[in-house]
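**Q** My questions will all concern the structure given below.
The values are calculated or read from the model by the stated rules, or taken from the named source; none is laboratory data. The structure presented is a predicted model; accordingly, all values stated were derived computationally and were not measured. Cβ placement follows ideal geometry from the backbone for every residue including glycine, while neighbour counts extend to all protein chains displayed. When the accessible area is computed, the model is the full protein with side chains, heavy atoms only, and any ligands, DNA or RNA have been set aside. Shrake-Rupley method; radii C 1.70, N 1.55, O 1.52, S 1.80 Å.
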Amino acid sequence: MGPHDEKNALTPARGETNGTPALGGAVGYGAGYGYGAGYGPTFGDGAGATFAEMLQARTFGDYVQALRQRKWLLAGTAAAGLLIGLAVILPKPLTYPADTTLEIQGINENFMGLAQVDPQASGGIYSATQANILTQVEILNSSSMRQRAAERLERETIPTLPPRGSGLAGGVNAVRQAVGLGPSTPVEAMREAIQTAVSTSRAQAVEGTRVVRVSCQSTIPEVASEYVNVLVSEYQEQALETRARSSRTTNQWLESQMKEQKEKLEEAESRLKEFVMRAGLDTVPTDQGQQSLTLADAKVLALQRELAQIQTDRIVRQSRYEMALKSGPENLPDGIASTALMQLRGQLIDLQRQYADLTTTFTENHPRVTRLKAQMAEVRKAIEKEREDVIERLRTDLEAAKRREQLLAGSFAAQTGQVRSQADQTLQYNLLKREVESNRQIYNNLLQQVNQAGIATAVPTQNIRVIDSASPSGKPVLRNVYLGGGLGLVTGLLFGGVLAVLLYHGEMKFQKPGEPVAVLQLPELGVIPSGDLFQPKRGWLKPRGGGRAKGLLQGNNGDGLLEVEVIHHGERPTLLMESFRAVLTSLLFTAEGEKCRLVTVTSPNPQDGKSTVTAHLAMALAEMGRRVLLVDADLRKPKQHVLFRLENTWGLADLLEDETAVSAYPKEAFYRETEIRNLHVLPSGPPIKNVGAIVHSDRFAALLERFRAEFDYVFVDTPPVLLVSDARVVGQRSDGVILVLRAGETKQAEALQVVRRLKEDGARILGTVLNQWTPPGAGRRYYRKYYDYYRPTES
């Protein structure tokens, strides 16, 4: 196979799917990470996601990476939050806890007649119910009870300073003392301790029991314990005083009521005596008098029954009379009509039947019909006369009944008046007598209650039992310190995280493959993994010696990439170099229709790794058998002579300043050979003045045309686009431009600005190369394993 055949064989073949080049990225940088091993550039108009969709495509891993990149920001905000949290709680002094437990016992309300002495006892106020226990808890929590305990404690406590403590408590107290936050005198310390105890005092019922826990905190442990004990003591005394006061008040009220009732009894007896004397009754009415009164009452009842019967008879007669008036002769009821009337009705019915029979045969004027009608008229007159006689008889009976009713009603009224006059004096006597007996009974009951109240008042009853008394504690409460510091630390971390995310979104840097396609709408030629992935577990990559060509300098070049790593024919390839071959393959596919022999490589900013990427691409293409020239057109800060260990005493700057015709130069004057076959390098040369004018000159364009004629491919390393205009000039005169972007460093806005400038200049942008990409943890482990497997075996 000849050189030309080898060259043609290296040209990739187009795939069959939709005319899209079938690329085979040798690196396979998506393996295990969501990108296929055959990942390649995206072509087409407007291909890829929109900018808003790119924002939504941010994953959790992207934000984690953003936080890792700003770990010192997070540490600073966390430290600031911790200091602020401690500073917030620093003015509050450390406190010491103290608590005691009580048992609320029930009182027997029937003991010594307590329920009768205390009006509230019958309501179950002294029973150990849940409602009463909660009531006692609220009494212990009342401000009056707290103030009462505080006043007593202030009278009985000797002033002293708070303890200094040890450990964290000692440190906090020392800081407070240093800044003048602590009390200066024992009196101030004691007042502060008592006020703290009062404000933190709390009584709480233990659910399901009769136990109540009383606790507080104070700056002096002795004050905390004494305050709790004094509070319980004052509560017990107040309970005794309340019950004793209630008993005394009840006793006094009973005595006053007994005196008043005694006066009422004496008045009632006097009225009874005066009535007996005024009525002329020598003796009290006997049973005989009561019997005569009963007979009179019986006579009244007999008259009442007889009057009722007469009234009933009168009502019946009146209803019969009214019914007879309203009814016709033929319709009088049987009970009212007489026998003669009933017979006349029968005759009339027979005549009417005969008349009906004759009218069916004869006319109305027939003699027999006429005679029958005359008989019927006579019977009707007789019936009407008999009806009038019946009505007159009923009216006479009704008048007689009314007369008997009037006479009996008068007799009943007279008898009733007589009974009332006879029983009036006896009734009044009985009323006065019952009043005397009622007052005497009430007086006796009050006298008994007064005697019981006197005994019950003298018996003390205490239903509050102290289970455990409070004692001073040697350990302060550091919850506020931990809480303040923890909240400050968490708040600082959250603030730092939010700030880091905002900065991450504000910078909008390229982080992973696919983003340049979506944002810039340009093909992504490939991705160069971070050089840190290819570091062996021990030591650094050492330059290979021996063979037909020496390797160039290995290590880190300041761009975060490993420097040039030589691949020899017949040797086992390394994964890093294969990533550049994948980029080169994409580039060749792009140039298939229209050969791109002169390619400009640039980047938006310095330190993006464009010089290293250019060198690796030139090396990979040279190893394919192409004659490649690498031109270092970065006349301000050249680097290719360092990468390939060449002298920079002569180079592109000398060619631009020389006045000799470009066509007159021999081939050897344009380049320097390197240790890599088919790869030639033209250094930048010594520094010169007025670089911008020289790059814009026609001589530079002529040099580029001469380079295109002498070599198969020419790679031009140019300065960053955003710093100087050299790359824009060279890109306009070249066949295409490759834009190198650094993952995690290049901002999307800057890359968009570069693309816009190059397109405005008419330059053809072949695509982008994402440099220094570090996959997440799984991808990183995959690369290390993959590299260890494919690393050449050292002889």
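**Q** Tell me the per residue accessible area of the stretch 620-667 using a 1.4 Å probe; a whole number in Å² is fine.
**A** Per residue, the stretch 620-667 has an accessible area of 44 Å².
**Q** Highest first, please rank the peptides 189-196, 648-655 by the mean number of other Cβ atoms sitting within 10 Å of their residues.
**A** The packing order, highest mean first, is 189-196, 648-655.
**Q** Out of residues 5 or more away from I528 or on other chains, whose amide H comes under 5 Å of its own, with H placed 1.01 Å from N in the peptide plane?
**A** Sorted by chain and number, the residues that satisfy this are L770, N771, Q772, W773.
**Q** Same structure again: Tell me, what is the FRET efficiency for R733 and E710 to the nearest 0.05, using R0 = 22 angstrom and their Cβ-Cβ distance as r?
**A** For R733 and E710, the calculated efficiency is 0.85.
**Q** Quick check: pseudo-label points 7 Å beyond the Cα along Cα→Cβ at A298 and T249, how many nm apart are they?
**A** 6.1 nm
**Q** Sort the following peptides by mean Cβ neighbour count (other Cβ atoms within 10 Å, averaged over residues), highest first: 665-672, 766-773, 228-235, 519-526.
**A** 766-773, 519-526, 228-235, 665-672
**Q** Holding the Cα-Cα limit at 20 Å, pick out from K639/K759; K509/K639; K509/K610; K689/K759; K71/K610 the pairs that are longer than that.
**A** As for pairs spanning more than 20 Å Cα to Cα, those are K639/K759; K509/K639; K689/K759; K71/K610.
**Q** So how far, in whole Å, is the C-alpha centre of the stretch 58-90 from the one of the stretch 333-410?
**A** The two parts, judged by their Cα centres, are 126 Å apart.
**Q** Here is a further query. How far apart, in nm, are the 7 Å Cα→Cβ label points at L499 and I688?
**A** Distance between the two pseudo-spin positions: 4.9 nm.
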